[in-house]
Each structure stands twice: as C-alpha cells, then as structure tokens.
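Undergrad: Please see the structure below; I have some questions.
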Amino acid sequence: MTDVLTWMIERRLELAERAELLRKELAGIEAEVARLEAAEMVFGQ
C-alpha cells in the first residue's frame, strides 16, 4: 500500500511540474501569436 501511495505522490508531482512547463510554453506561444497579429495589422495598412 505504501508503494502505491508513494507512486501516486511522485506521479502527481511529476505531472504538476510538467503542467507548469506547458503553461510557460503556452504563454510564449500566445505572446508570439500576439506579435504576429500586430505585425499583420501594421503590414496590412
């Protein structure tokens, strides 16, 4: 039973860490999309 609990805790921590990395990556992608949208507006004028 202890092994299962240990595995669950470790897995939760791994997934939480991965989720944080993905949130940061997504923020970077969203920022790039915003920059490209702004550039499109400038070039479209």
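Every number here is computed from the coordinates shown, using simple stated rules; none is lab data. Fair warning: this is a prediction, and the values are worked out from it, not measured in the lab. We place every Cβ from the backbone using ideal geometry, glycine too, and count neighbours over all the protein chains shown.
Undergrad: Can you tell me the orientation of helix 2-44 relative to the chain, as the angle in degrees between its alpha-carbon axis and the longest Cα principal axis, to the nearest 10?
TA: That works out to roughly 0 degrees.
Undergrad: Report, in cubic angstrom per residue, the convex hull volume of the C-alpha atoms of the chain.
TA: 33 Å³
Undergrad: Run the simple label-point estimate for residue 16 and residue 34 please: 7 Å along Cα→C-beta, distance reported in nm.
TA: Roughly 2.8 nm, to one decimal.
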